[in-house]
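This is the structure I have questions about; it appears just below.
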Amino acid sequence: MTMETARGTIDVSKSNSINLLHSKAVGLAGVLFLAVTGAAPMSAMLGNVPFAAGYGIGKYTPAAFLMATIVLTIFSVGYAAMASRVSSVGGFYSFISQGLGREVGMSAGIGSLACYSLFEASLTGLFAFFGNLWISQHFGINVPWIVLALVMIVVIAALAYRDVKVSARLLGIALILEVIMLLIFSLGVIFAHGATNFSGDSLNVFKVFTPVAEQTVGTVAIPAGAAAVGIFMAFWSWVGFEMAPNYAEESRDPKRIIPQSLLISVIGLGLFYTFVSWCAVAAYPTEADMVAKAFSDGVNFFLTPIQTFVGGWGYQLMSLLILTSSFACGMAFHNTASRYLYSLAREGVLPQAIAETHDHHKSPHKASALQSVLAAVWVLLYGLAYGFDDPSGQAWLGVYTLFAVLGTGLLLVLQAVVSLAIYMWFKKNGGGSMLTTVIAPLISLIVQLVLVYTLVANLATLGGTNGFARSIPYVGLAILIVGLIWGFVLKSANPKAYENIGHMVNEG
């Protein structure tokens, strides 16, 4: 049996027939590790800061991270308020369904699933690029990037098959090592330069729209940058923190833990990212040198300074940790995509078999297996279209960057929609303060829509001449429209599944 609550939701904790996840498996630390590792500090810094500085806004890159901190904190205020009232593995999908209706919620569900499925595929590109580089440097072997990408997907599938506690422990270890290494890098820069190279102007959020000027530094010809690139890369670095509500049903006291983890992660990541990116910008003698390095040799933007200021051991360790970071980040996204599949199947939108949980581990093992297949398909399709012989152009600039652009664009749209849903839900159900349920959500809605427009308007800079880059807005729009149509079809074809859309919660 299931029990309907006063708000028309279905409490799955009262059911004897629904496969449930491992209840009370993780506490606050576990949820933080699962979510923050999705943001992947090492991958975010080494993968995104060079793009932001070399192709975007140069020395104002730290300001972009500071601005993103402010914007996402405002978003999190309303998001945390909603999470304190609704506990569901569906995350965005459930919040939007309950705030704006089931059809829009269905669109959000398919969009969210596509986001996190793409993000896992994206991280295989970063892992494959740096993996190819590391193996080539140490063993003189050129391993095709597609092989490394598929190996990562298979290993993640094996680990995600087990209890969520296993993922939390592994991701926690990876996160701690990443933070320590980036702090060592930052301290190395500080001890080498003191306060000489640190400029307060680099933290001026009103200058984040100041792009790099066209210039020539030595033999490096640098075209004019685009502010949108710097801003986008900053926001892409946070992707993952918003996954915390997806672990509500597996956490202890979710209505307290999930809101706490959201605010701790967004503010903690923001301060850390701003500090590390500020140190990275200050690691070079002049702004021109810094921009030239970021533009022409972004792979070594962090690695060269750490070798100079910390030593060869720092270089070697950071080279390894970017691999573990990209792997851990991909695993975190895999876990979230699996839970969206599980949630959609549990509610009858997808085949019920996908919602089965493992008898012993209580993991969504069938949803996890399906997500592994989806990630492999994304990567293989890109490789078949553009080739498997260029790790830099295909794995890093292609799979990693372009899948991230598509996924992040979708995510920004969903964050805007969920902000509106939060406002509407509290307007209907009451509770909360004016700040958390009206002001913060509406400000977040406006800002995120501006960011989506900025991203779409600057796709040429982000993707160059790549045909896939030009199609990104249309692919994203098609995904959302398919979900919306699906919702309307279910309303007449399967009323029971339609009623369940985004309305299964866990009050246990």
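For the stretch 365-404, what class follows from the C-alpha gyration tensor (a ≥ b ≥ c being the square roots of its eigenvalues): rounded when a/c is under 1.5, otherwise prolate if a/b is larger than b/c, else oblate?
prolate
Once you charge only the Cβ atoms, +1 for Lys and Arg and -1 for Asp and Glu, what is the size of the charge dipole of the chain about its Cα centre, to the nearest 20 debye?
With only Lys, Arg, Asp and Glu charged at Cβ, the dipole is about 1000 debye.
Rounded, prolate or oblate for the stretch 99-148? Axes are the square roots of the Cα gyration tensor eigenvalues, ordered a ≥ b ≥ c, and the cut-off for rounded is a/c under 1.5.
Since a/c reaches 1.5 and a/b is larger than b/c, the shape of the stretch 99-148 is classed as prolate.
Could you run the Debye sum over the Cα atoms of the stretch 122-257, one equal point scatterer each and no solvent, and tell me log10 of I(q)/I(0) at q = 0.09, 0.10, 0.15, 0.18 Å⁻¹, two decimals?
Values, matching the q order: -0.51, -0.63, -1.26, -1.35.
Can you list residues from other chains, or at least 5 along the same chain, whose modelled amide H is less than 5 Å from the amide H of Val220?
Those lying under 5 Å, H to H, from Val220: there are none.
Report, to one decimal in Å, the Kirkwood hydrodynamic radius for the stretch 217-325 based on all distinct Cα pairs.
Final number for the Kirkwood radius of the stretch 217-325 is 16.7 Å.
Going by a ≥ b ≥ c, the root eigenvalues of the Cα gyration tensor, does the stretch 46-136 fall in the rounded group (a/c under 1.5), the prolate group (a/b larger than b/c) or the oblate group?
oblate
While we're on this one: Once you have the Kirkwood Rh of the stretch 324-442 from its Cα pairs, apply Stokes-Einstein at 20 °C and 1.002 mPa s and quote D in µm²/s.
For these conditions, the coefficient is 124 µm²/s.
Can you give me the relative contact order of the chain as a percent, contacts being Cα pairs under 8 Å and 6 or more apart?
35 percent
Next up: Could you state the number of Å between the C-alpha centres of the stretch 99-120 and the stretch 331-359?
Taking the Cα centre of each part, the stretch 331-359 and the stretch 99-120 sit 13 Å apart.
Quick check: convex hull over the Cα atoms of the chain, volume per residue in Å³, rounded to an integer?
Residue-normalised Cα hull volume stands at 132 Å³.
Here's a follow-up. For the stretch 351-444, what is the relative contact order in percent, using Cα pairs closer than 8 Å and at least 6 residues apart in sequence?
Taking the mean separation of contacting Cα pairs over the length of the stretch 351-444, I get 14 percent.
While we're looking at this one, here's another question. Could you point to the residue in Val189, Leu384, Ala369 farthest towards the positive end of the chain's charge dipole, with +1 and -1 charges on the Cβ of Lys/Arg and Asp/Glu respectively?
Checked the options; the winner is Ala369.
Right, another one. From the P(r) of the stretch 191-235, could you give the percentage of C-alpha pairs in the tail past 16 Å?
Cα-Cα pairs of the stretch 191-235 separated by over 16 Å account for 57 percent.
Since every read-out is calculated from the coordinates, none of them should be taken as a lab result. Quantities reported herein were computed from a predicted structural model and do not represent experimental measurements. Note that each Cβ is placed from the backbone with ideal geometry, even for glycine, and that neighbours are counted across all protein chains shown.
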